[in-house]
1. Taking interchain pairs and intrachain pairs at least six residues apart, which have beta carbon atoms under 9 angstrom, with the first residue in the stretch 50-66 and hydroxyl-bearing (Ser, Thr, Tyr) and the second at pLDDT 95 or above and surrounded by 14 or more Cβ atoms within 10 Å (Cβ to Cβ)?
2. Check off (1) within 30 Å of residue 201 (Cα to Cα); (2) not in a strand (DSSP E or B) for residue 145 and give me the number that stays unchecked.
3. Quick one: in the stretch 166-191, which of the residues that are among the small types (Gly, Ala, Ser) and surrounded by 14 or more Cβ atoms within 10 Å (Cβ to Cβ) is nearest to residue 58 (Cα to Cα)?
4. Of the residues in the stretch 38-71, how many are part of a loop (DSSP other than H, G, I, E, B) and either farther than 27 Å from residue 96 by Cα or not β-branched (Val, Ile, Thr) (or both)?
5. Of (1) in contact with a Ser or Thr (Cβ under 9 Å, 6 or more places away or on another chain); (2) over 30 Å from residue 3 (Cα atoms); (3) not polar (S, T, N, Q), residue 172 satisfies all except one. Which?
6. Quick one: how many residues across the stretch 72-84 are touching an Asp or Glu at 6+ places or on another chain (Cβ under 8 Å) and outside any strand (DSSP E or B)?
7. Inside the stretch 198-247, can you point out the residues that are at pLDDT 75 or above, of a type outside the set (Gly, Ala, Ser), part of a helix (DSSP H, G or I) and surrounded by 12 or more Cβ atoms within 10 Å (Cβ to Cβ)?
8. Collect the residues in the stretch 135-153 that are buried (at least 21 other Cβ atoms within 10 Å of the Cβ) and polar (S, T, N, Q), keeping them in residue-number order.
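The values are calculated or read from the model by the stated rules, or taken from the named source; none is laboratory data. Remember, predicted model here, so these are calculated numbers, not experimental data. Here the Cβ is made from the backbone with ideal geometry for all residues, glycine too, and neighbour counts use every protein chain on show. Calculation scope for accessible area: heavy atoms of the full protein, side chains included, ligands and nucleic acids excluded. Shrake-Rupley method; radii C 1.70, N 1.55, O 1.52, S 1.80 Å.
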Amino acid sequence: DYYKSESILISSDSQSSNSMGQFSGMASLAGITLPSSGNFEVEEMIEIIKSRKFVQHLISFQGVLPAIMAPESFNKITGKLKYDPEIYDEENDLWVRSVSGNRASKPSFLEVHKVYISQLLSIAYDPVSGLVSVKIEHLSPIFAKEFLQLIINEANNKKRESDLKTSSNALAYLRSELENTPFISIRNSINQLIKSQLEIQMTAKINDEYSLKSLEPPFIPEEKSKPSRFFIAIMGFLLGVLLSSLFIILKFIARDNNR
């Protein structure tokens, strides 16, 4: 059985970030980039979540790599995930899978990214409402919830770190220019840009959900997402018909050969 946890997100635009639009012209002339907002920011965050670099960061957290690359079954009583012993030795924390070519026993982040994109992650964005639906499907409902929460937290952290670094560099440049500029009009413009950068710093440091805000936080699913009982019943019926038909055909062939 597989379980799917879902979260509904929206861009965490604040008044301060919206007010930065009036400074964008001056900032571009000074070669400074202000944080993106609206749809573009959401699309940027989606690409961060889907990126190989982000997956490489995620698997640095304890337990994430074996849970993605070596799950075998989930114990509903203990709430623990069991790993395939032919792939991963949990007791000794060793990768024991058989590999060929240039691959190592321990899966690379490129291998993990393929599984992450094709089997675990589902992400959809509605540009009209601005809502983002992010889902993680896994054998363990607990890991599905915890991994989805990790994705949201770290995506926000990555965007925060990027904006803080850019903003700090911009502040250093603007303050240097302010000291060397005698013209009042230019100094006023630089002061406005400094104000916008300080707003970026403040927003980044006080908001946990910096870029994407959870309207519906991740949850531990109680019902399986697949396989479907209806699908299993249909496949069982078709397989039964096929085997019955094959048995009858072979029986007729055997009887004709005995005549």
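1. 51/113
2. Result: residue 145 fails condition (1) only.
3. So the residue we want is 167.
4. The qualifying residues number 6.
5. Status for residue 172: all satisfied but (1).
6. Summing the residues that are touching an Asp or Glu at 6+ places or on another chain (Cβ under 8 Å) and outside any strand (DSSP E or B) in the stretch 72-84 gives 1.
7. Answer for the stretch 198-247, where residues must be at pLDDT 75 or above, of a type outside the set (Gly, Ala, Ser), part of a helix (DSSP H, G or I) and surrounded by 12 or more Cβ atoms within 10 Å (Cβ to Cβ): 198, 199, 200, 201, 202, 203.
8. Correct list: 140 only.
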